Structures are given as structure tokens and as C-alpha cells.
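Written below as C-alpha cells is the structure these notes are about.
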Amino acid sequence: MDKKPIIFSIDDDPQVLRAINRDLRAEFRKEYRVMNTPSAREGLQALEELKKNGETVALFLSDQRMPEMLGVEFLELAKKIYPAAKRVLLTAYSDTDAAIKAINDVQLDYYLLKPWDPPSEKLYPVIHDLLEDWWAQYVPEFHGARLIGYQYSPLSHEIKDFLAGNLIPYEWIEFENTERSGPYQEQFGIDGPDLPVLVTEDGEALKKPSVQEVARALGMSQTASEKPYDVVIIGAGPAGLAAGVYGGSEGLTTALVERRAPGGQAGTSSRIENYLGFPNGLSGADLARRAITQATRFGIEFLSPAEVHQIERVDPYKILTLKDGTELKARAVVITTGVDYRKLEAPGMNQFTGAGIYYGAATTEASACKNGDVYIVGGGNSAGQGAVYLSKFARKVFICVRREDLSTTMSQYLIDQIDSIENIEVHGETEIAEAHGADRLEEVTLRSKSSGETRKAPATALFIFIGAKPYTEWLPGDYMRDPKGFLLTGRDLVLQEDFRKEWPLERDPFTLETSVPGVFAAGDVRSGAMNRVASAVGEGAMSISLVHQYLSEN
């Protein structure tokens, strides 16, 4: 916690106020700030300011007999500003009846008699006990962006996913929860057609914002400097992040461009348990956070969200044009754009995407699955990791695979985990035939591959992890690909029949070099990649070594 909680005392007698202030500071100043005032009205004004500034009051200690108002009245008004704070009344023996009555009237926590000598016996034990109780129930007030919207809105999901993927803390507020959303509706004039609304920490309200508008409002960098770069890396998955770390650490002027959020597909994984050096596993988001921190410490420029629209060769440079028209000039390029999950082609899928149907882990929606039935399509490691994570929230998690079981597509450690979790069930030779609902997913139709029989089942959410297609459609035709669209590199290029006609150099392409000299590919986007986080990191690091070789000859 950045700011210490406050113990706030009030007494109109200066001598008593000095004494209570002295004793409280002597015992509690290491963990709390002690504030005091002789005026009840000034005290209330001070509390309003403290609230606006995000301060927290843990305990009030108020004298009962004050000229402006009684202590009980002060505590009653203070309770409206800080309802969770403990309330102690300081009183003379003659006022004990009023103190006892206040226990019921303002939920007084305790009353102390004057004098409290010695404080070690008559003051500190009481205050310590009350503060321990306060800590046990204290929920720190959130400071950061707030997103107000409907749970099953595709645009709300897109923004939540973007914020979570970029590790930006935010608070989700369901619009229909008027107790929480009401103050914002009144303050900013929010209505249904405005949703979702992002309220920044500075108090700016963005109605129905695009991801780019959200990024700008939160101060994320989307604009590159005008200098030429030694290398521009396109895509911030594990391969791109590794390339960024090595490019920056080895003194190359480096830019890393990411269209959505760092981490790529691995970044959406709830738990990676077979990555070297992390025996307890780590989340994809945590891995991405560590890598981005490491790369930016070495001085790279990280542009997100920013999408490369095209690459042109203007020797000795590659000119990269972003979707917003911005141009980046680079001597070498590393493409690490990875893969996207394939769309599930079945009736209702497009209709409910973002409203109960999600591609990838979508951990931001896990809490909405509480006590519901969740279906997962896919039998790879990402699907298994997603199932394990979602099982903590859902009543039941069903994994639907076209094969008989998971043995040929998933790592054994994940299969063993899934077998040990009671609320995960694997449906072999089963596919999702249709999705049903009104404004969100409510049911799915399951079809048996062997018999063709179908049945309907209630579904809170459907998470899809099927196949992977490389994100290469944006590249021009002179980048040679395999039949599935993955980029060919190195020796695989040399084996192509028409390669020598197009390749302009006397030497063979470097190991990770594409059919365009000076443009490299690493990670899942590359034909023949191993589709493991560790191998992607290795290829990203290797690509920078090859960039050095390319730059040395140019």
C-alpha cells in the first residue's frame, strides 16, 4: 500500500488533543499517519479532501462533548464518508450512558474514559484490537481505470481483453449493477447506447471507445520516433519479445510493434508449467510482463497497439507502413506475428463471438463463468491450460475433441492434471454443431462424430482453441510460404523450384531469413517451427545474431 492508513482524532480541548496525539504517535506512527483537529466542522471538511485524494481512514477517535456538535454526531457524519473506519468515543465517566446508547445509534466500536493513563494498559490494547479487526475486513479502494458496460458485449470484451493483455489494472463495473454504476451514470450522463465507457484515473470518460482511443487515453506509445532503426520486430509474442531483449541489449536501435497485446497466444495462457527455470509455472501474462520490462530497460521502443500494414523494399532500407499511415524505416526486420486461432464454422458462432464465445483463454471472462457450464473446443496444450484455469470458476468444464481422447495432442503432465480435477470432463469424438441464445450464448448443440446424434446442453461460455493459421495475409506475394501460409526460411527456401530466380544475392539465405533479404521470421509464423514457448524464445534470440550478420555485410 503506497499511503499509510490514517488514525483521525478530534477534541476541542487543546491539552487533551496534544496528549492523545502524543500517545497515538508514540505507538502507531510506523504503520499509520496520525491526524487531529480541534474543530468538528474542520474535521469533516478535511475528511472530504482526504476522500477525494484517495486517502484511507482506519479509525476515528472523537471527544463526546464539543461545542460545534457532539462526538456521536461527528462520528455519524464521518461514517458516511468512511463507512468502514472504526469509531471510538472519548468520554468522561458522566457521559457513559450516551456512549452506550451510541453503540446502537452509530455502531460505535468502543468508548474510552478520560484519563487513559497509563496508555499501555488503557489505550493501546483497545486501539490495536480495533485496527487488527479493521485490517481483516479492509478492501483497498481501487485506483485506476474503470470500465462500465454489459458483461456480454463484444466491445466490452475486446477492451477488457486489451487492458488485461497489456497488464493495465482496471475495475470492471456491470452497468446493470446500479449501486456501483449509478454514481458514474449520474456524473457522466451515461446511458445504454454509450456503453462501454472507460473512466480514466484522471476522471475522463470515453464513451464507446476504440482500442486505439483507450491506448491514447492511458498514455500508451503508438508513435515511433523518426529515426531509422537497425531492426524492427513485428509481433510481441515470445519470439518477438526475445528478439527485442537481445536487440536492445546488443546495442541495436530497436522497435517492437504489436497489434494487440504482448505475449501472443502464449500471453493468454493461464499457466505455462514446462518453461525452463519456473518449476511452479507462470502465466503467459507474467512472462510477457517480465519480458517487456526487460526489453524496455535496454532502450527499445515498444509501439502498441500498432499494426504493420505493408513492407516495401527501398534498399538499403525496409519501409514499414502502419495502418494509421505512419512509416518506420528499418535496415532489418524480424517477423514474429505468430498465429491466430481458426474460426469455428458453425451456425451461431459469429453471432455470439465476444458474448459468450471466445477464441483463446480469455481469462478476463473467467469470473463470469462462475457456477456455469463451460465448453472448450480443442485438444492442444492451450486448451488444457484453459480448462484447468476455468475449472476454478465453473461448475463443470467440458473439453470437446474430434479425436477419441487427448493422448495424441496434449502434453502428459496436462492430461494427468485434467484427470485429477473432478469438474473437468473430456468428450471424445464430439464437436459443437451450433450455438443458441438471445443476446448471448445460452446453449450449444453437441454432435457425436461416430453416430451423428445431436443433443442440446446449457452453456455459459464456449472457448475455442482449434488449429492455428499464420498471420501472414498482410505480406506481399514475394514472401514465399508453405501450402498452409507459414513463412519459408533458410534451407527450406533453397529447396523451392523457383527460389534462385527471385533471390538476388550470391549467398544462400541465413537460417531464419525469408525470401526477402534482411527480413527474418521467428516463432510460430515460420514454417517448421516447434510451437513451444522455449523454442520461440530461442529463435527470437537467434534472429538478432543473424541480423548482426546481415548488417555487417550491408
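The values are calculated or read from the model by the stated rules, or taken from the named source; none is laboratory data. It should be emphasised that the depicted structure is a prediction, and the values quoted were computed from it without experimental measurement. Backbone-built Cβ (ideal geometry, glycine too); neighbour counts: all protein chains shown. Surface accessibility is based on the protein's heavy atoms, side chains included, excluding ligands, DNA and RNA. Shrake-Rupley method; radii C 1.70, N 1.55, O 1.52, S 1.80 Å.
Between the helical axis of 154-165 and the dominant principal axis of the chain, each derived from Cα atoms, what acute angle in degrees is found, rounded to the nearest 10?
Taking the Cα atoms of the chain, the angle to 154-165 is about 90 degrees.
Output needed for the stretch 481-553: three equivalent-ellipsoid semi-axes, defined as square roots of 5 times the C-alpha gyration tensor eigenvalues, in descending order, whole Å. Don't skip to the answer; put the middle values down first.
Values: eigenvalues 79, 57, 11 Å².
Taking √(5λ) for each Cα gyration eigenvalue gives 20, 17, 7 Å.
Do any GluC sites (Glu not before Pro) in the stretch 477-552 lie in a DSSP loop with no more than 14 other beta carbon atoms within 10 Å, and if so, which?
On the way: sites: Glu497, Glu502, Glu506, Glu513, Glu539; in loops: Glu497, Glu506.
Of the GluC sites (Glu not before Pro), the ones in loops of the stretch 477-552 whose Cβ has at most 14 other Cβ atoms within 10 Å are Glu497, Glu506.
Using a simple charge model, +1 on the beta-carbon of Lys and Arg, -1 on the beta-carbon of Asp and Glu, nothing else, what dipole does the stretch 228-384 show about its Cα centre, in debye to the nearest 20?
The dipole of the stretch 228-384 has a size of about 120 debye.
When the accessible area of the stretch 199-264 is split by element with a 1.4 Å probe, what percent falls to carbon and sulfur?
Working: 1110 of 2610 Å².
Its accessible area is 43 percent carbon and sulfur atoms.
Heavy atoms only, probe 1.4 Å: what % of the accessible area of the stretch 298-430 goes to carbon and sulfur, would you let me know? It would help to have the intermediate numbers written out before the result.
Numbers: 2500 of 5770 Å².
Here it works out to 43 percent.
For Asn531 and Asp13 in one chain, what is 0.36 nm times their gap in residues minus the Cα-Cα distance, to one decimal in nm?
On the way: separation 518, 0.36 × 518 = 186.48 nm, distance 7.34 nm.
Result for the pair: 179.1 nm of gain on full extension.
Roughly to the nearest percent, how much of the accessible area of the stretch 1-86 is carbon and sulfur, given a 1.4 Å probe?
Details: 2090 of 4490 Å².
Accessible surface attributable to carbon and sulfur in the stretch 1-86 totals 47 percent.
Assuming 1.306 mPa s and 10 °C, estimate D for the chain with Stokes-Einstein, Rh taken as the Kirkwood radius over Cα pairs, in µm²/s. Mind showing how you got there, number by number?
On the way: Rh = 27.5 Å.
Rounded to a whole number, D works out at 58 µm²/s.
Per 5 Å bin, what is the whole-percent P(r) computed from every C-alpha pair distance within the stretch 135-198?
4, 17, 26, 23, 17, 9, 4, 1, 0
Angle check, please: helix 381-390 long axis (alpha carbons) against the longest principal axis of the chain (alpha carbons), in degrees 0 to 90, nearest 10.
Approximately 20 degrees, to the nearest ten.
Can you give the extra length, in nm with one decimal, that the chain gains between Arg395 and Tyr110 once fully stretched, where that is 0.36 nm per residue apart less the Cα-Cα distance? Could the numbers behind the result be given before it?
Numbers: separation 285, 0.36 × 285 = 102.60 nm, distance 4.34 nm.
The Arg395-Tyr110 span can extend by a further 98.3 nm.
Multiply the residue gap between Asp416 and Gln185 by 0.36 nm, knock off their C-alpha separation, and tell me the result in nm, one decimal place. Walk me through the intermediate numbers first.
Details: separation 231, 0.36 × 231 = 83.16 nm, distance 4.83 nm.
Computed gain between Asp416 and Gln185 is 78.3 nm.
At a Förster radius of 56 Å, what calculated FRET efficiency corresponds to the Cβ-Cβ distance of Glu201 and Arg507, to the nearest 0.05?
On the way: r = 54 Å, r/R0 = 0.96.
Calculated value: 0.55.
Please work out the FRET efficiency for the pair Thr454 and Arg297, using the Cβ-Cβ distance as r and a Förster radius of 45 Å; give the result to the nearest 0.05.
Numbers: r = 55 Å, r/R0 = 1.21.
Here the calculated transfer efficiency is 0.25.
So what are the radius of gyration and Dmax for the Cα set of the stretch 161-244, in Å?
When restricted to Cα atoms, the stretch 161-244 yields Rg and Dmax of 17.1, 53 Å.
Calculate the spin-label point distance for Glu141 paired with Glu121, positioning each point 7 Å from the Cα along the beta-carbon direction, and give it in nanometres.
Taking the two extended label points, one gets 4.0 nm.
Starting from the Cα of Lys80, step 7 Å along the direction of its Cβ; do the same at Val314; then give the gap between the two resulting points in nm.
6.5
What nm distance separates the two modelled labels at Asn371 and Leu282, each placed 7 Å from Cα along Cα→Cβ?
Each label point is offset 7 Å from its Cα along the Cβ direction, giving 3.7 nm.
If the only charges are +1 at each Lys and Arg Cβ and -1 at each Asp and Glu Cβ, what is the size of the charge dipole of the chain around the Cα centre, to the nearest 20 debye?
Details: 59 positive and 80 negative charges, 149 e Å.
Its charge dipole is roughly 720 debye.
Once Lys and Arg get +1 and Asp and Glu get -1 on their Cβ, which of Ala236, Ala145, Pro115 lies farthest toward the positive end of the dipole of the chain?
The one lying farthest along the dipole's positive direction is Ala236.
Placing unit charges on C-beta atoms (Lys and Arg positive, Asp and Glu negative, everything else neutral), compute the dipole magnitude of the stretch 320-385 about its Cα centre in debye, rounded to 20. Present the calculation step by step, with values, prior to reporting the outcome.
Working: 6 positive and 6 negative charges, 47 e Å.
That gives a dipole near 220 debye.
Compute the accessible area per residue over the chain, keeping the other protein chains in place, probe 1.4 Å, unit Å². Write out the running numbers ahead of the final one.
On the way: 26530 Å² over 554 residues.
On a per-residue basis, 48 Å².
Once the stretch 320-415 is represented by equal point scatterers at the alpha-carbon sites, with solvent omitted, what log10 I(q)/I(0) does the Debye formula produce at q = 0.16, 0.17, 0.20, 0.24 Å⁻¹?
Summing over Cα pairs of the stretch 320-415 leads to -0.79, -0.84, -1.03, -1.35.
Given the convex hull over the Cα atoms of the stretch 232-325, what projected area results after averaging over all orientations, in nm²?
6.6
Take the stretch 25-144, drop everything but the C-alpha atoms, weight them equally and run the Debye formula without solvent; then report log10 I(q)/I(0) at 0.13, 0.22 Å⁻¹ to two decimals.
-0.51, -1.52
Once you have a ≥ b ≥ c as the square roots of the Cα gyration tensor eigenvalues for the stretch 387-543, tell me rounded if a/c is under 1.5, and otherwise prolate or oblate according to whether a/b is larger than b/c.
On the way: a/c = 2.91, a/b = 2.26, b/c = 1.29.
Since a/c reaches 1.5 and a/b is larger than b/c, the shape of the stretch 387-543 is classed as prolate.
Which number do you get for Rg(Cα) / (2.2 N^0.38 Å) in the stretch 353-406?
Values: Rg = 10.6 Å, N = 54, 2.2 N^0.38 = 10.0 Å.
Its radius of gyration relative to the 2.2 N^0.38 Å reference: 1.06.
What angle, in degrees between 0 and 90 and rounded to the nearest 10, separates the Cα long axis of helix 14-28 from the longest principal axis of the Cα atoms of the chain?
40
Of Ser451, Ile421, Ser407, whose Cα points farthest to the positive end of the dipole of the stretch 405-452 (charges on the beta-carbon: +1 Lys, Arg; -1 Asp, Glu; origin at the Cα centre)?
Looking along the dipole axis, the top candidate is Ser451.
Contact order normalised by length for the chain, with contacts defined as Cα pairs under 8 Å and 6 or more residues apart; what percent is it? Walk me through the intermediate numbers first.
Numbers: 1107 pairs, mean separation 57.4, N = 554.
The value is 10 percent.
Measure out, as a whole number of angstrom, how far apart the alpha-carbon centroids of the stretch 202-275 and the stretch 441-485 sit.
With the stretch 202-275 and the stretch 441-485 each reduced to a Cα centre, they are spaced 27 Å.
Please report the antiparallel percentage of the DSSP beta bridges confined to the chain, to the nearest 5.
35
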